[in-house]
Every structure is written in C-alpha cells, then in structure tokens.
Amino acid sequence: MIGGELNDFRQRLRIEQPGQALYSLIERLYPICRSITGDGVRKTLSILSEHVPLEVHEVPSGTAVLDWTVPKEWNIRDAYVKDASGRRVIDFKQHNLHVVGYSVPVKARMSLSELRPRLYSLPKHPDWIPYRNSFYKEDWGFCLTHRALEKLEEGEYEVCIDSTLENGSLSYGELVLPGREQGEILISCHVCHPSLCNDNLSGNAVAIFLARYLAALPRRHTFRFLFLPVTIGAITWLALNEANLGRIRHGLVLTLLGDAGRVTYKKSRRGDSAVDRAAAYVLESSGDPHAIEEFFPYGYDERQFCSPGFDLPVGCLMRTPHGRFPEYHNSGDNLELVKSESLEDSLGKCLAILDVLEKDELLINLSPKGEPQLGRRGIFRSLAERNEQGLEMALLWVLNQCDGSRSLVEVAQRSGLPFAKIHDAAEVLKKHDLLGAAPQAQKSRGKQA
Amino acid sequence: MIGGELNDFRQRLRIEQPGQALYSLIERLYPICRSITGDGVRKTLSILSEHVPLEVHEVPSGTAVLDWTVPKEWNIRDAYVKDASGRRVIDFKQHNLHVVGYSVPVKARMSLSELRPRLYSLPKHPDWIPYRNSFYKEDWGFCLTHRALEKLEEGEYEVCIDSTLENGSLSYGELVLPGREQGEILISCHVCHPSLCNDNLSGNAVAIFLARYLAALPRRHTFRFLFLPVTIGAITWLALNEANLGRIRHGLVLTLLGDAGRVTYKKSRRGDSAVDRAAAYVLESSGDPHAIEEFFPYGYDERQFCSPGFDLPVGCLMRTPHGRFPEYHNSGDNLELVKSESLEDSLGKCLAILDVLEKDELLINLSPKGEPQLGRRGIFRSLAERNEQGLEMALLWVLNQCDGSRSLVEVAQRSGLPFAKIHDAAEVLKKHDLLGAAPQAQKSRGKQA
Amino acid sequence: MIGGELNDFRQRLRIEQPGQALYSLIERLYPICRSITGDGVRKTLSILSEHVPLEVHEVPSGTAVLDWTVPKEWNIRDAYVKDASGRRVIDFKQHNLHVVGYSVPVKARMSLSELRPRLYSLPKHPDWIPYRNSFYKEDWGFCLTHRALEKLEEGEYEVCIDSTLENGSLSYGELVLPGREQGEILISCHVCHPSLCNDNLSGNAVAIFLARYLAALPRRHTFRFLFLPVTIGAITWLALNEANLGRIRHGLVLTLLGDAGRVTYKKSRRGDSAVDRAAAYVLESSGDPHAIEEFFPYGYDERQFCSPGFDLPVGCLMRTPHGRFPEYHNSGDNLELVKSESLEDSLGKCLAILDVLEKDELLINLSPKGEPQLGRRGIFRSLAERNEQGLEMALLWVLNQCDGSRSLVEVAQRSGLPFAKIHDAAEVLKKHDLLGAAPQAQKSRGKQA
C-alpha cells in the first residue's frame, strides 16, 4: 500500500510529476518577503488559495492571546546602506534577508563604526546572508555576507529602512475539510519566513497538495490545515480555538521537507500517540533510511501544540531537522537546496501516514469466545493449503488481538503483517459482523484516542 | 532439581527408559486412521485408557458449540484408485494419508484429466504423501507422492471411497486428577491426526505418561487432561465447560514433542502468566538450546483457549513448531522422525514446569519490619562463616521480596538463585511462621492468578 | 557543578586536603576494639563527637526491638593463649581481631587438640587474621594467621579471655541538622567493627565530615546521621523511631568508601527512588568508572531500612562491595588498604548526590498553555542568535516537562542537559512566577515522594 497513495494522488489530481508541481509552487513563493505579520504573509496565503479555498483570518494587533499579545504589523518597501559614492552596498531589493526582520524605520547617516554593531554576517559561511529578526523588541539592523562585510571601507554611510511598524493585524490561513467523523487531523505549517525555501516553503507546498488531494477523497476524519506565522500564529490560533481542541485526534507539523536528507519524524510529547505509531510504521516499513526522534521542546509549532497545558498528539515530519544543515536560517536555504524528488518523497510519506490514520481503528471481536467458524462464511479457503502469509493469518490476528485495547496499527506491528493486510482483514470481518467499533473507544483510550 | 523429576518418574512408575516407553505407545497408535470424529479417535482413546482411566465424552452431531456446530461423524473402510488393469495405483490400505480426510463416499469411473484436480501431491517433496482434509465442506480427493502422480498414465480410472459421513458424535477424552486445591492445571493435546507421529502422537504419549506420574503423586493443583480433536474439540469442550473455566490457573498445550529440534515454548496470549514464567525459568535454567516465542494466533488449541473472550493462561510446549520442519503434515512425519531421546527430554521438561507450578506460590513475610532474627530460631549457622550462595541467601531473598507482589519463581529470577533453593527457604520460613499465604492472592493477582 | 561541592567544602571548612583529614580520623579510630555494644563503641562515638555534637543513645540490654532483643553488653580487657613456656602465642593486645567478638570469659588450660576447634584462620590468606563474632550464641574462640596456626606445637596451652558479657546497654550516635523542610535525608553508617579500616571507619569518616559541612550550610531537608552497630543497631533505631519513619524522603548507607576500587551505588529496594536517580545521575555524569547495582538483601543496614515492612528509599554508597575484595573481614583491611584519594573522591560524590537531592524538586509550569513569552520578561536573549546549548534550552525543557510528573533530575536525564543548568533554569522561572511547587507533590508521588 505504501507508495500506492502517490499513484492515487497522480491519478486523482492529474499531476504526473508531483515533485515538480511542489517545486514550481516554491519557486513562485520564494521571492516574497514574509514575516510574522504583514503583506508578505497575505500575498503568500493568496497564492496558496489558488489551490484550495483557504479562509484567511486577521487578528488585530494588541489582541491578548494566552501569555502573549498580537504584535504590531510590519511592512517594508525598501532598505539599503549606501556608501559615500551613493552605491548601495547592502540592498534589500537584492535579497530580503538583508534587513533584520521587524526593523523599525531608519533614515540616518553614520560612520562604519557606528553602523557595525547592527551588521550581522556568518564568518564561517562567508557567502551566505544570515536570517535575523527582532520581533518583540524594537530594533533594526542589516544582514550581509561576511565577504561583503569585510569589504566595507571606513567612511560615512547612508542608512535607510523604509518600513512601517503599526497597529494592523496578524494573518493566517485555515482550511477545514469535513469528514464523516468530527474528530480532526491537524496539519500545521509556518508561513512567516522570507526568502527561505526548505524552511518552510517546502512545508507549505506539501501541505497545500495534501489538502488538494484530501479534498478530492471521501474522508473519515475532518482535516484542518493551518498556515501560521511561527510561534505567535500557533499561540493565536490555540487561544482562539481552545474550546475545540478536544476534537484533535492526531496532528502533524510539516517543515523542512525539501532537502536531500532522510525523513525524520519527531514524536509528540506523549511519545505513544496514534500518530507516533502511524508515522513510525510508515517510515519503518518504507525500507528507506529514516530517523524517529523523541520529543524535544524546540523546533517548530509542535512546541506550542505540545506545551503541557495542551499536550496535543501532534508530531513533526521533516527531513534534516533545523540547525543540523549548514544552510539553516541563511541565504543558502534557496531553490537549489530543495529537490523535487525529496518533495515528492515527503509528500508520499505524508500521504501514507494519513492513510494509516484514516484506516486505523479501535475494534473488538464480536465473537470472541473461540475462533468464529470462518469456513462456513466462505472466508477461509477450503481444502487447498492455507497460505499463512495471506489474508487468513491477518484474519486470525485481527480476531485474536482486537479486544478494544489495541488499534489496527498495533495489531500490524505485533503480528509483523503489513497494515494493509490487517486493514483488509478487518474490513472482511466487519462485513460478516464479526468485528465492530470498540464501544468505549473514545473514553477508554483517554488522551491517546 | 531440574532433571530430578525424571528420576522420580523412573522410580515411581518403575519405567527405566521413559523415552522408550513413550515411543512404544506411539508405535502402537501410528497405524490408526484418526480424524476429528469417528472410530479412529475412539480406538485411540481406548488405547490411551489402558494407562489412565480416561472419561470418553460423545457429543452428538448437530450440537451447537460457540460459533460452531458439531459435524457429522466420518468413518472410512477403504479407498482406492484403480487403473485400467485393475491395479490399485492409490490405496488407502497402504497409507491412510492417501485419502483426503472427511471425503464423502464416491464410486465412479473417470479419466485422468477428470480425476487430476482431486489429486494432491508435494512437488518439492516428491516421495511424501501430503495430509489434506475437507472437514467443513463436503468434498473428496486423494493424496499421493508426486512421483506416483507423475507416473499416472492417461486413461480411465476406477475411483472408490468407501466412507460414511452421517450423524453420530464427536469423541474426546478427559481425565481429572483432583488436588488439594480446586484451581486447575490444564494439559491439552489433539488426537485427530491420522498416521502422523510428531503431530501429534508425541503429544499424546507425553500427556498420558505425565498423567500416570501425577496420578501417583500428592497434588496441590487439580490436573485436567484433555485429548481433543483439534479446533472443534477445543471449541466443544470450551462450550460445555464455560462455567468452570475460572478454575484454570495454568495450562499447557502439548504437541510436536518428538523431533530432534530444540524445545520451544510459545507464551500464552497474556505473555506474563505464571506458566509463561515457569516455562521460561525451566528452559533457561536447563542449559539446553531452546526458544521462547511470543503468542501468535495460529498453531494448535492455544488459539481457542487464548481467544480474547476466554484469554486463559495457556501456553504451548513443543519442539520444532508446526510448518517449520519439512515433514510437517505429510507422510514424512513418521516413526523415524520421532526419537525416544527427544520424547524423554520433552517429558522431563514438562515434569519440571509442572513441578515449578506446583511449588510456586504468592507468599508474604509475616515479620516484615527489619529482618527477623533467624539465629535464635536456629536457621542461620552461627560463628562459622556464612555461605552467601547457600540457604542463608535464599532466606534473605524470600524474606525481603515476599510482599504479596511476587511469586517464588519471580523471587528466583530476581535473585539469580535456583528456584529449588528459594522454595526450600520458603518451606523453612513457613515452618517458623515467618511466611504465609498472601491473603488476597487470588484477588490481587487478577488475570494472572 | 559536580566537583564544585568539594571546593566549597574546602573553603567553608578551611580544610585544604579533605582526603587527608578523613584519613587522619581513621588512623585515630583504628586501634579501638569495637563491637556491637561496649566501651569501644562509646569511645568511637566520643571521638566522632569532637567534630559534631552527636547525641549518644544508650538502650538497655533486654529491650525488645522488633523481632530482636538488645543483647548483653560485651567488654574485654585482655585475651591470650600462652604456650607451655608462658609465651603469648596469640595475644589480643597485639591485634584485637585475635579474639572472636562476644567471646565469653574463659580461664583454662587445655591441649592443642582441645583448643583447635576454637581457632580460626584463613588458609588461602595465611598472613591475615580473620574477623569472627558470636553475637547471639554464647561461645568463645580465637582468630590467628594460618601461618601462626601451623606453627603451634602439640602440648598444653593456657587460655584466657578476660571479658564481661553482662546487662548493660547498646550505644549509638545520632545527629539531626534541621532544614527548612521537615522531610529528612538519612545518612547511616555502622560503628561496630574492631580494627578494620575500610569496613567501616571509611564510612564513619565520610559521614562525620559530611555532617560538618552540612552543618555549615543552609539546608532544605533535615539531615539525620546515624552511627549504629550493624543490624541490631538499625533494628533498635527503627523500633524506637517507627512513628517518624514517614519523614524520610531519601537515605544513604555509607560503607567501604576508602579502597582504591570504583564507586558502587546499590539501589534501594524500590529501584526507582529519587536517591537512586540522583546517585545514578552523579555517577554517570562524573565520567569516572562506577557501578550501579540493583538491590539485594544482604550487605549492610540497607537490609533493615529496605525490609518489606519499611521499604524506605535508602540506597548504599560504597566502593568495592563487601566480600569482593580479599581483605574483607580480616586484618588485611588496615590503614594501607584505605587511600586518602579514594576517601576524598567518595566524599566528593556524596556531596554531589546530596546537592542534587537538595535541589531536586517536583515543580509545575504555571503558564502551561503554549510557551510563555520569555522575551518580554527579559529571560531570552534578543536579536543575537540563541544558543541552543545554553540556558534558553534548559528553560524550554523545564517549562515543557514540569507538569508535576517529573522532578528536575528527571528533566535533566530526559533533556540530556546538565542538572545544574536545569536547576538554574528552574530558579529563573520561579523568580518570574512561571514555575511553582506541584500542589500534590507529596500525595501524587506516593512512595517515591
């Protein structure tokens, strides 16, 4: 079954090369200067809305959200440092990483020594421009390659940041795809980084195409997609939706899905959520190199979803984790770092994990005393030799193990049989009224439901 | 202690060579054509009854048992396929595996091409006759070596199966050896296979001699031996005895105990039953190669005893598991496959497991505050140096660990001391009123009682 | 932090060479003939009292304590065996191990063959005098080197043991250092061995200097130090203090802390007490060779504290465990066996374990929904790059994990960050009212509180 989802994706969406489609979306979004508020996010959400009907929320500056306050809105038109000859030695129009995010407006002349404390570079990677912000303290600055920094000569410079930092709103996108059940699967990604590709246009692209695909399918769970400014966006959404968090059964934060590294799944804080099992199952049975990591409280918005007061069953799917590749948070995270093959592989694994979550159930054997007589129901093959690796074995495993304490993924793991076989067996047994929903599934599973 | 049981067996039953005695019983039972019903089972139970007074139950065809119905009774006198010259090219009288079990009566002439779909052989093992049945769908067929199949020439054949499939009854044997306690140890084996030795005349032989030995001993537990047709026999017995299943504290299914492979213990579904611990303890401390496997829901009647609606603490003791030796379910499973040394070794290990279960107890230290003064009771040696590997160490372990949460086997495992030493220490401490039965043993142990 | 405690010790107590100070105390105590009662213990307690104000308890012979009775008091002035020429061939004044502890008075003449059953030597270690007692059975005897035993010639000997065994009392020392909290940390060691150094003058020396140091510090826990005759002393103390045992939160038995072997921590019976975690944490993060052993019910007074009726969270810190070094319980356990460097290392590790226990707490995040905004509180560095290995990471770990189910040591273990950093982060968060005591810490932690 794993791998099959991607073919189904191709056929339903008539997209022959999913990786290429994701890459093209990234190319289009790359030049936009995003931040945690402002028109860059709005433009990004508008482009994403061409694929699926995102609802764009605007939350006014000053709104109290949990322990935080929605900040002022930041927008920027231009920024530069000119030398004595009037040449732009640092130019926002060349690369939007050149300006420290959330820089207040500046118009001044100053010597290099006055300017220098506000210039950020990466001595170890002298050709890359670092990515810096000052979201919650009013400040300003410029980022540049270390090589460019070293070339700056003493003398007077003209400094201009043509930005605004004013009351406005924080924007985020949301899409709900209702399912047969009210229980939700949450897919969240951040949309606040300027010209960086892996972090996180890769996540945005995978999420949007997942949404397009799921919109074309019958769904068991309700799917909720969030496109949020990191941290403050998640905090805001959690504050506004706290009453409904109980609906979230499973969740994935998507980020860093385009580099050439192996896929990494970082578990939810609980460490034994159904999504943890599903992701582990998919990665382990993929045969591909992969890593499964325990939860740690930094990274992306799983930090907020998994804060102890919420403790939602939300994991994080990525390739190389943040901070572990040299291009992290600098201009090296560009269109060359992300690969269409990696994007396609990430999409396929997401699809497989969601497929498992859609099919995983907590069921009980309705004829639990002795084995039911499968032969008279025509389920077992007669006379000819039984194939122990086939459906018969899966039927026996499901009947024996489904007592309301283990979901189908757990039966698959315990039996060593593919989840697809276990699921098929469960469907056959349901048809014959030998298997049914565990009556107290929601209740008895408690936090792990 | 391990090994000692077999010597005690020799002395009490005056059988110098237990393995040889078991083998002789198998030799006598081998020619009989058994099936899940019919006179073959009755004849088998009759021979077994020469050793111990088996109660033979007859359950009428058509009786509803759990999800099943007791089938018609099958008997067979003769079956053959004759070629044009009148020669029996397949002859039931040569080997009872030649006829598909539960074949309906047939008397016909047909071409080879008409006959061929009803002929079963093993191309990979061309000299062995396979074992096939059609218990629950009326059908017929023949089994033969692949070499014989290939020699059949085109032409007309006379086909005869002189069988009856009529209302009658299902037969099974039962023996109860009452103990000081009502709680039971169940020993179950199947008696429905025709001329196959390891599967399961080996199990029958071990079970009968266990019963003979236990009958000659004072017993703590009540022992219940079952000689059942596989699956339907267990289903039938469970249906008829459902009200008393709560008495079963431990159980073992005995099968495949005669081949030269290492001993394998397959755990009960619970995985942490007392019998699982006892068997693991005996095998691990035997020093012999062995395997301990997690429960899986196929194999023998542990499937039924461990179905989720019963979930009895019943494991399965065997040597090479079913399907993992080439002679499985074909004529290669004959008198050469089973070895008297293997039978004797299997018997010895059964005896050791049952000895542990008989002696394992949930006890509590009655003087639990500080160590009791063993010296004034004359239990500790005085002056001379204490031997830490001896009884003193076992006394201290038992006193420290027996708080009602761990049985003696668990104390043995935790201490690394032999179970025999731990048991001896417990007996000494009981005599001095320092150790007693855990008051809520039954209740607090719950399912694992 | 680990290592820092020893420097603080040096400064506060103005002791430049702690190991040398401990060694000197051992030298002074070495010649005294101690036993489980008598003036040797009193003289030892009197010397220890020069360091800290020990309260010396005297419990009369005949007092019923748990399952035991306080024995008669034993004192000895002289003991010898003289040969026909009047030469002392065995002389208590040469070494107090020469007489079997608790020997009753004797004045007799006898042949070598009459005397021989009462002479104990170590044939495998012919130059060492063994250590023997007969505390609970009235008896007498002598110990000598095997070489000396072999030199004894046939003939008549004069035997004298000038001892008294009369009603008196059992003496033990106790010191309580009150803390801000009533909950106690118990430090126990035995003071009943005659001229043996590692067993247990090393433990006495470490304990006394720990007490001196802790007396000079502000303390969270109340510290209780016990200097007990082994077994009967612990039994007596437990009997007299049973009503207050609930105050003991953590405990350590100190013994065998002077030999050159690696440090060994033997867990409490529970195996997962806070002291078990603290000791494991300190040893594992020390970088030094060490061993952590599961509880076993022999050794020293942890046997009594961890008897099932008390089951106190008391572990045992030592270097080479009893019985695993050749000098154990013989005259080889002398001033050469113990090393000042080993004593100093043992002291340092004790200090570190106690420091962790003093700082370990069960806390809860008071702003658990989403991350609190650390930036506006000035806790996070702004603009400049966050150092993920620094305080910020510790802050995030503490906030995420402190939900009342894990103490700070457990957060350190889970995060892989040093305990000191986790503790620092917790202190910062407490100051900002983001972290507080878990309201039901005592109750919810149950036995492990």
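What follows draws every value from the coordinates through simple rules; no lab data is involved. Note that the coordinates shown come from a computational prediction; the quantities given were computed from them, not determined experimentally. Backbone-built Cβ (ideal geometry, glycine too); neighbour counts: all protein chains shown.
Observations on the model:
- Reachable lysines, given that their alpha-carbon falls under 26 Å from the alpha-carbon of residue A:43 and they are not under 8 places away in the same chain: A:72, A:93, A:137, A:339
- Of C:369/C:430; A:359/A:430; A:267/C:266, those spanning more than 23 Å from alpha-carbon to alpha-carbon: A:267/C:266
- Partner aspartates and glutamates whose Cα lies under 19 Å from the Cα of residue B:431, excluding those fewer than 8 positions away in the same chain, are identified as B:358, B:360, B:361, B:371, B:392, B:403, C:67.
- Computed magnitude of the charge dipole of the protein assembly as shown (debye, nearest 20; Cβ of K, R +1, Cβ of D, E -1): 1420
- Applying the criteria of a DSSP loop state and at most 11 other Cβ atoms within 10 Å to the GluC sites (Glu not before Pro) of region B:1-71 yields B:16, B:50.
- Of the residues B:149, B:131, B:165, the one whose Cα sits farthest toward the positive end of the charge dipole of region B:74-166, with +1 on the Cβ of Lys and Arg and -1 on the Cβ of Asp and Glu, is B:131.
- Against the compact-protein benchmark of 2.2 N^0.38 Å, the Cα-based radius of gyration of region A:73-166 scales to 1.00.
- Cβ-placed point charges (K, R +1; D, E -1), dipole of chain C about Cα centre in debye, nearest 20: 840
- Contact order, relative form, for region C:72-144: 34 percent (alpha carbon pairs under 8 Å, 6 or more residues apart, mean separation divided by residue count).
- Top of A:368, A:130, A:194 by mean-square fluctuation, Gaussian network on chain A, Cα under 10 Å: A:368
- Hull volume in cubic angstrom per residue (convex hull over the Cα atoms of the protein assembly as shown): 223
- Each residue of region A:32-43 was assigned a 3J(HN,Hα) from its phi angle through the Karplus expression (A = 6.51, B = -1.76, C = 1.60, θ = phi - 60°), giving 5, 8, 8, 8, 6, 9, x, 5, x, 5, 4, 5 Hz with x at Gly and Pro.
- Magnitude of the charge dipole for region C:129-201, about its Cα centre and with charges confined to Cβ atoms of Lys, Arg (+1) and Asp, Glu (-1), is about 380 debye.
- In terms of distances greater than 20 angstrom between alpha carbons, the cross-link table entries A:421/B:124; B:82/B:151; C:107/C:151; A:82/A:107 yield A:421/B:124; C:107/C:151.
- Exposure proxy ranking, count of Cβ atoms within 10 Å, fewest first, for A:319, C:87, A:132, B:212: C:87, B:212, A:132, A:319
- Using θ = phi - 60° in the Karplus curve 6.51 cos²θ - 1.76 cosθ + 1.60, the 3J(HN,Hα) couplings for region A:20-31 round to 5, 5, 5, 4, 5, 5, 4, 4, 6, 7, 4, x Hz; x is entered for Gly and Pro.
- Label distances, nm, residue B:87 versus same residue in remaining copies, Cβ-directed 7 Å point: 10.7, 10.7
- Selection from C:252, C:44, C:105 lying farthest towards where the dipole of chain C points positive, charges on Cβ: C:252
- Estimated from helical segments only, the mean residue ellipticity of chain A at 222 nm is -9000 deg cm²/dmol, where each DSSP H run of four or more residues counts as -39500 (n - 2.57).
- Using a Förster distance of 41 Å, the FRET efficiency for residue B:50-residue B:108 (Cβ separation, nearest 0.05): 0.50
- For chain C, the relative contact order works out to 17 percent when only alpha carbon pairs closer than 8 Å and six or more residues apart are counted.
- Summary value for region C:194-311: 32 percent relative contact order, contacts being C-alpha pairs under 8 angstrom separated by 6+ residues.
- Working from label points 7 Å from Cα in the Cα-to-Cβ sense, the residue C:127 to residue C:75 distance is 3.7 nm.
- All Cα pairs of region B:1-104, percent lying beyond 22 Å: 55
- Peptide C:369-380, shielding by other chains (average Cβ, 10 Å cutoff): 6
- When both region B:109-138 and region C:341-362 are represented by their alpha-carbon centers, they are found 77 Å apart.
- FRET efficiency, residue A:405 to residue C:87 (Cβ-Cβ, R0 56 Å, nearest 0.05): 0.10
- As an equivalent ellipsoid, chain B spans semi-axes of 50, 22, 17 angstrom, where each value is the square root of five times an eigenvalue of the C-alpha gyration tensor, largest first.
- Near the amide H of residue C:298, within less than 5 Å, lie no amide hydrogens of residues on another chain or at least 5 residues away, with H placed in the peptide plane.
- In the assembly of identical copies, residue A:427 has its label point, taken 7 Å from Cα in the direction of the beta carbon, separated from the corresponding points by 6.2, 6.2 nm (ascending, one decimal).
- Rounded tilt (10° steps) of B:274-286 against the dominant C-alpha axis of chain B: 90
- For region B:145-155, 3J(HN,Hα) per residue [Karplus equation, 6.51 cos²θ - 1.76 cosθ + 1.60, θ = phi - 60°, Hz, x = Gly/Pro]: 5, 5, 4, 5, 4, 5, 7, 5, 9, 4, x
- Nearest 10 degrees, 0 to 90: helix C:203-215 Cα axis against chain C principal axis: 40
- Here the label points at residue C:12 and residue B:27, each 7 Å from Cα along the C-beta direction, are separated by 8.5 nm in the simple model.
- Over region A:306-422 - Rg/Rh using Cα atoms and the Kirkwood inverse-distance radius: 1.18
- Around the amide H of residue A:253, modelled in the peptide plane, lie the amide H atoms of A:188, A:315, A:316, A:317, all under 5 Å away and 5 or more residues distant in sequence or on another chain.
- Helix axis angle, A:340-359 relative to chain A longest principal axis, alpha carbon, degrees: 40
- Listing A:39, B:433 from fewest to most neighbouring C-beta atoms within 10 Å gives B:433, A:39.
- Farthest toward positive dipole pole in region C:264-367 [+1 Lys/Arg, -1 Asp/Glu at C-beta], among C:278, C:353, C:313: C:313
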